[in-house]
Amino acid sequence: MVAPGRDAPGFSAEHGLATRVAAAWTRRTGGEAEAGKGSRLYRLGELTPPDPAPAGQARVATTADRTLLISWYEQFTSELGEPAENLAEAVDDRIASGGLTLWEVDGVPVSLAGHTRPIAGMARVAPVFTPRDLRRRGYAAAATAAVSRAAAALADDVLLFTDAANPTTNALYRRLGYVPIQDRVVMSLTPAGPGA
C-alpha cells in the first residue's frame with residue numbers, strides 16, 4: 001500500500017484486484033483513482049497458423065531492418081497512445097536476441113511480430129504491427145503465428161496482452177490458438193491535494 005504523501009501514478013492488475021486496491025488507496029490517502037484501459041492476457045494453447053496463409057514468408061529481422069523497425073515501433077506506440085521512449089534500444093535488444101520476425105511479400109516487409117527473451121519459462125509476444133495500408137490481408141496473423149512458434153521453442157508458456165475492447169485482435173489471437181486467462185485494468189492514481 002502507498003503511504004499518504006507518496007506519489008503513485010498508477011498500476012495494472014486483474015480487474016477485481018485493481019478495483020479493491022484502488023478503493024483502499026483512495027480511503028487511505030484521500031486521493032482519487034480512475035480506471036483506464038483494459039487489457040486481456042492470453043496464453044498460447046495449440047498453435048493454429050492461418051489456413052490459407054497469406055502470400056509471403058517469415059524471416060527473423062536483422063540490423064539491416066533497424067530503421068524500418070524503429071519507424072514501425074514509433075507508429076505502434078503512437079496508435080496505442082503510449083510514450084515513444086527508448087525505442088531504438090528496444091529494437092536493438094530484440095534484433096540481438098532474434099526476437100523480431102518480419103512477414104515479407106516479394107522481399108518487402110509488410111508486418112512485424114516480436115517476442116521477449118524468456119524469463120521464468122515465459123515469453124511474451126509483442127509488438128504485433130502492420131502499417132495501416134497493408135492491414136486486413138492476414139499478414140499480422142501469419143507473422144504472429146511465426147513468432148509464436150519461435151517463442152514456444154524457447155519458453156514453456158507464450159503470453160500476450162490485447163486491448164480488451166478491440167474485437168479484431170481478440171478474435172485473431174483466439175483463431176491462432178491463444179486462450180484468454182485474465183482481464184486486467186490500468187488504474188491511474190491522483191494524490192490528494194494539499195490540506196486534503
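Here, each number is a calculation from the coordinates, and none is a lab measurement. Not measured: the values here are computed from a predicted model. No Cβ is skipped: glycine too gets one built from the backbone with ideal geometry, and neighbour counts run over all protein chains shown.
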Query raised in the report: Fewest to most neighbouring Cβ within 10 Å: what's the order for Val60, Val147?
Result: Val60, Val147
Report summary line: Mean separation of Cα contacts under 8 Å (at least 6 apart) over the residue count of region 47-176, i.e. the relative contact order in percent, is 27 percent
Query raised in the report: Are there GluC sites (Glu not before Pro) in region 30-71 that DSSP puts in a loop and that have at most 11 other Cβ atoms within 10 Å, and which ones?
Result: Glu46
Requested in this report: Could you grab the relative contact order for region 96-156? Cα pairs under 8 Å, six or more apart, rounded to a whole percent.
Outcome: 34 percent
Report summary line: Gyration tensor on Cα atoms of region 47-176, a ≥ b ≥ c root eigenvalues, a/c under 1.5 rounded, else prolate if a/b beats b/c, else oblate, says rounded
Report summary line: A chain fully extended from Val60 to Glu46 at 0.36 nm per residue, minus the present Cα-Cα distance, gains in nm 2.8 nm
Requested in this report: Report the label-to-label distance for Arg117 and Thr168 in nanometres (one decimal), using points 7 Å from each Cα along the Cα→Cβ vector.
Outcome: 3.3 nm
Report summary line: Cβ density ranking, 10 Å radius, fewest first, applied to His15, His115 yields His15, His115
Query raised in the report: Taking only C-alpha pairs under 8 Å that are 6+ residues apart, what is the relative contact order of region 7-117 in percent?
Result: 22 percent
